[in-house]
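Asker: Below you will find the structure I want to go over with you.
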Amino acid sequence: MVSLTLNQLPPLSWILLIITGFTLFFTAQSVRFRNAVGGTSFMFLMISITAYSFGYAFEIAAADLKTALFFSHIQYLGIPFVPFFYYVLIWQYLMKTNRMPLLLVIILLSIPVITFIVHLTQSNHNFFYIKPSLVFEGNLSILAFGKGIWYYINNIYTLFIMILVIIHSAIRLVKDRKYRLRITVLLIGALFPFAGFLFYISGLSPKNLDITPIAMALTIPFWSVSIFHYSFFDIVPVARDHIFEHLKDCIIVTDLHDRLIEYNASTRKFFPFIALYKIGTPLKDIISKHRDEVSGIEGVVKGESDLII
């Protein structure tokens with residue numbers, strides 16, 4: 001059994017444990033949406049961030065090197081996989097499907113898996129940490145080390161994936177007016193951990209602390225807005241395929257809460273005002289402001305979702 005020794009938890013550890021509590025909450029929430037597009041990847045993203053913040057909370061309170069390295073291993077249950085699951089979430093949501101090309105998944109997941117293995121076995125080589133030591137800065141324990149080749153490979157991979165997330169989101173932001181607000185929330189949320197990671201690897205963080213998990217905490221308000229205000233996972237993605245877009249009938253799709261989900265080209269033609277409203281707007285709010293213009297609607301068919309024709 002591993003014997004672990006901790007100092008009194010510093011304030012930063014408590015902040016990280018609070019962050020852990022929030023990510024556990026979102027993990028529990030994501031179980032409800034696991035069948036939605038992006039639901040499972042969001043759940044694993046939250047689990048990865050939980051391991052990251054929890055491990056770091058105790059690493060910086062370690063009283064000896066062995067304890068610090070043990071909690072570093074806990075962190076690396078999550079650290080390598082955070083960028084992967086973040087990208088998968090963005091890809092799935094923006095592409096409106098959970099089906100990701102298998103080859104792409106294998107390529108993107110290979111580096112995190114290797115990173116986890118290399119870090120776990122780092123006592124047998126110098127590929128990740130070189131001569132690690134523990135430095136005490138006030139009430140903080142800082143793991144100091146030389147950087148091995150795989151440490152740099154992991155950093156390059158993380159930068160590459162985060163840049164992909166930002167580019168992919170930005171392109172869809174320009175192209176997709178209907179979901180622009182929701183995509184903006186995703187994009188802003190991605191910028192905080194990206195900035196924190198850049199700050200850390202550039203050596204600009206105070207006392208060489210890893211501020212990335214704290215930066216990730218700044219995305220929590222954005223996830224809260226996305227999930228609870230804009231119904232990130234409640235909204236049923238409807239592919240804008242050729243048939244749907246070119247039907248001559250006006251079709252408006254809502255969810256079980258009567259929120260606007262999708263509409264086709266004919267709807268935009270006959271009811272142009274609908275383009276003024278974002279996806280997720282309650283249908284009654286739209287109708288109440290345009291009663292005269294929608295008086296020709298024939299009826300509503302109730303089902304798993306509502307189809308107004």
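Asker: Can you pull the semi-axes for the stretch 12-76, root of five times each eigenvalue of the Cα gyration tensor, sorted largest first, whole Å?
Answerer: 27, 12, 6
Asker: Would you mind computing, in nm to one decimal, how far apart the modelled labels at Ile287 and Ile156 are, each placed 7 Å from Cα along Cα→Cβ?
Answerer: Those two pseudo-labels are separated by 5.8 nm.
Asker: So what's the angle, to the nearest 10 degrees on a 0 to 90 scale, between helix 39-59 and the longest Cα principal axis of the chain?
Answerer: It is inclined by approximately 30 degrees.
Asker: For the chain, with only Lys/Arg (+1) and Asp/Glu (-1) charged at the beta-carbon, what is the dipole magnitude about the Cα centre, in debye rounded to 20?
Answerer: Values: 24 positive and 18 negative charges, 90 e Å.
That gives a dipole near 440 debye.
Asker: Find the Cα radius of gyration of the chain, compare it with 2.2 N^0.38 Å by division, and give the number to two decimals.
Answerer: 1.20
Asker: Compute the helix-to-body angle for 149-175: its Cα long axis versus the longest principal axis of the chain, expressed 0 to 90° and rounded to tens.
Answerer: Around 20 degrees separate the two axes.
Asker: Kindly flag which residue pairs out of Lys96/Lys278; Lys147/Lys207; Lys269/Lys289; Lys175/Lys284; Lys96/Lys289 have an alpha-carbon separation exceeding 23 Å in this structure. Before the final figure, lay out each step's value.
Answerer: Values: Lys96/Lys278 17 Å; Lys147/Lys207 17 Å; Lys269/Lys289 18 Å; Lys175/Lys284 28 Å; Lys96/Lys289 30 Å.
Check vs 23 Å cut-off fails for Lys175/Lys284; Lys96/Lys289.
Asker: As an exercise, use a Förster radius of 35 Å and the Cβ-Cβ distance of Leu218 and Leu6 to find the FRET efficiency, rounded to the nearest 0.05.
Answerer: 0.85
Asker: Need one number for the stretch 2-48: average projected area of the convex hull over its C-alpha atoms, nm².
Answerer: Mean shadow area of the hull around the Cα atoms is 4.4 nm².
Asker: Right, next: List the trypsin sites (Lys or Arg not before Pro) within the stretch 153-200 that fall in a DSSP loop (any state other than H, G, I, E or B) and whose Cβ has at most 14 other Cβ atoms within 10 Å.
Answerer: Details: sites: Arg172, Lys175, Arg177, Lys178, Arg180, Arg182; in loops: Arg177, Lys178.
When the trypsin sites (Lys or Arg not before Pro) of the stretch 153-200 are filtered for loop state and at most 14 Cβ neighbours within 10 Å, Arg177 remain.
Asker: Also, quick follow-up: Starting from the amide H of Tyr129, placed 1.01 Å from N in the peptide plane, find each other amide H under 5 Å away whose residue is 5 or more places distant or on another chain.
Answerer: Close amide H contacts, sequence-distant or interchain: Gly148.
Asker: Which percent of the Cα-Cα distances in the stretch 83-234 go past 26 Å?
Answerer: The proportion of pairs with Cα distances above 26 Å equals 37 percent.
Asker: If we count GluC sites (Glu not before Pro) as exposed when they sit in a DSSP loop and have at most 13 other beta carbons within 10 Å, what is the longest stretch of the chain that avoids them all?
Answerer: Excluding the exposed sites themselves, the longest stretch runs over 1-297.
Asker: Something else about it: Can you pull the one-decimal nm distance between simple spin-label points at Asn139 and Phe25, each 7 Å off the Cα toward Cβ?
Answerer: Taking the simple label geometry, Asn139 and Phe25 are separated by 2.4 nm.
Asker: With the chain treated as a Gaussian network of Cα nodes joined by springs under 10 Å, which of Leu103, Leu198, Leu17 yields the largest mean-square fluctuation?
Answerer: Ranking Leu103, Leu198, Leu17 by mean-square fluctuation puts Leu103 first.
Asker: Add -39500 (n - 2.57) for each DSSP H run of 4 or more in the chain, then divide by its residues: what number comes out at 222 nm, to the nearest 500 deg cm²/dmol? Provide the component values of the computation, followed by the final result.
Answerer: Numbers: 12 runs with 165 residues, N = 309.
It lands at -17000 deg cm²/dmol.
Asker: Across the stretch 49-173, how large is the tail of the calculated P(r) beyond 25 Å, expressed as a percent of all Cα pairs? Write down the numbers at each step before the final one.
Answerer: Details: 2533 of 7750 pairs.
Cα-Cα pairs in the stretch 49-173 separated by more than 25 Å: 33 percent.
Asker: I'd like the orientation of helix 82-95 relative to the chain: the angle between its Cα long axis and the longest Cα principal axis, in ° from 0 to 90, rounded to 10.
Answerer: Relative to the chain, helix 82-95 is tipped by roughly 10 degrees.
Bear in mind these aren't lab numbers, they're just calculated from the coordinates by the rules spelled out. Because the structure is predicted, anything quoted here is derived from the model rather than measured. Positions of Cβ are generated from backbone atoms using ideal geometry, with glycine treated the same way; all protein chains shown enter the neighbour counts.
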